[in-house]
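Before any comments, here is the structure.
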Amino acid sequence: MDVELAVCLTQPQGSIPCVSSVDGRTITYKAPQELLDASFPVTTDASFNVDKVHAPNITFSDIYKGQFSDMAKDFMVESRNTVVYAYGQKALPKRQFLYGSHNNISESVNAQSGVAQHVLKDVFSHPLGECVLQMQAYVLGVTENVTDLLNLENVSAVVSDSVKEGPSILNITRVQINSYADGVDALKTIAASIEEEFMDVLDESRQHDPFPPYNPFHCIVGILKYPNMEALESGMDSNSMYFISLGDSERPPLCGINLDQLNKYEKTHKSHTALVAVLGAIRCNRLRIPFTKSKLTSLLRRTYKQEKSKPQ
């Protein structure tokens with residue numbers, strides 16, 4: 001198992017940059033003076049080592065070539081599992097970066113299409129043979145209920161836990177992807193559902209409200225590959241790839257104190273911390289990886305450990 005950490009630097013208009021990079025592998029954080037003046041408990045200066053740093057002026061094409069160009073081959077030919085995470089503030093278009101915007105999705109890919117569509121197009125440049133592809137998408141929150149992004153009217157999708165087999169998603173819509181066009185149609189539905197579910201957060205006019213909207217829930221889009229129809233019917237996939245937009249990273253106190261937001265932030269922050277522990281354990285080649293610390297990491301355990309002995 002490998003973990004690669006890449007950071008895309010952004011520069012919001014009219015703001016002073018607080019993150020910079022000198023050598024393309026180290027990022028330096030300097031706390032905004034406004035927070036220091038307001039006595040917020042923030043670290044004044046810090047440095048972090050990562051695998052790659054993308055400058056603010058880099059194009060989507062360059063990011064794709066540098067990070068994602070081998071995903072389709074790894075998925076179709078090498079049968080490798082891949083998980084892509086996007087993490088950052090709600091002001092950053094991380095969901096659009098992964099899934100695209102509903103109005104801009106068509107069979108012609110461009111910089112607005114999103115990583116998932118570009119990868120999917122590359123996937124169908126390889127022969128399927130007897131393989132069957134299936135897509136699922138949902139929003140994972142702080143309760144057992146999940147939002148089905150392929151069918152918002154489906155209110156029965158839930159996280160079901162099992163002492164023996166661990167958690168799994170039940171009653172979720174799964175669509176069979178027989179062609180690139182099928183995948184595009186599914187992604188359009190997913191993008192439209194995300195825009196509806198995260199409408200308040202995506203509304204830039206509300207960012208200066210006394211209590212700006214805050215939605216820390218995770219968006220999870222998965223593509224599963226089955227060696228044949230028999231394996232599909234029995235739920236035995238050979239490998240998978242997931243595109244996950246993690247919950248917004250802001251601390252609600254920076255947006256105004258709201259008890260409901262603080263409660264959601266606390267639970268989502270624990271989920272973020274659990275994921276960091278898993279990725280850190282993988283990078284350090286530890287024997288024990290703490291998958292059971294959160295619902296998100298527990299659901300992805302089989303993907304990382306390649307435990308293909310039980311149906312999903």
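Solvent-accessible surface of the chain, averaged per residue with a 1.4 angstrom probe and all protein chains in place: 53 square angstrom. Set against the labelled values (1) 197; (2) 148; (3) 158, volume of the Cα convex hull per residue in Å³ computed from this structure falls on (2).
In the stretch 148-237, taking the dipole from charged Cβ atoms about the Cα centre, the farthest positive-side position among 183, 150, 198 is held by 183. Ligands, DNA and RNA left out, the 1.4 Å accessible surface of the chain is 51% carbon and sulfur atoms.
If you take the Cα centroid of the stretch 156-182 and the Cα centroid of the stretch 86-115, the two points sit 23 Å apart.
Farthest toward the positive end of the dipole of the chain, out of 303, 215, 102, is the Cα of 303, where the dipole comes from beta carbon charges about the Cα centre. Taken about its Cα centre, the chain carries a charge dipole of roughly 1040 debye when the Cβ of each Lys and Arg holds +1 and the Cβ of each Asp and Glu holds -1. Which entries of 73/267; 164/270; 52/73; 52/267; 121/225; 121/267 have Cα-Cα distances beyond 27 Å here? Check vs 27 Å cut-off fails for 73/267; 52/267; 121/267.
In the chain, helices alone account for a calculated mean residue ellipticity at 222 nm of -8500 deg cm²/dmol, with every DSSP H run of four or more residues adding -39,500 (n - 2.57).
The values are calculated or read from the model by the stated rules, or taken from the named source; none is laboratory data. Worth saying up front: this structure is predicted, and the values here are computed from it rather than measured. FYI the Cβ positions are ideal-geometry reconstructions off the backbone, even for glycines, and counts take in every protein chain you see. These area figures cover heavy atoms from the full protein model, side chains too; ligands, DNA and RNA do not enter into them. Shrake-Rupley method; radii C 1.70, N 1.55, O 1.52, S 1.80 Å.
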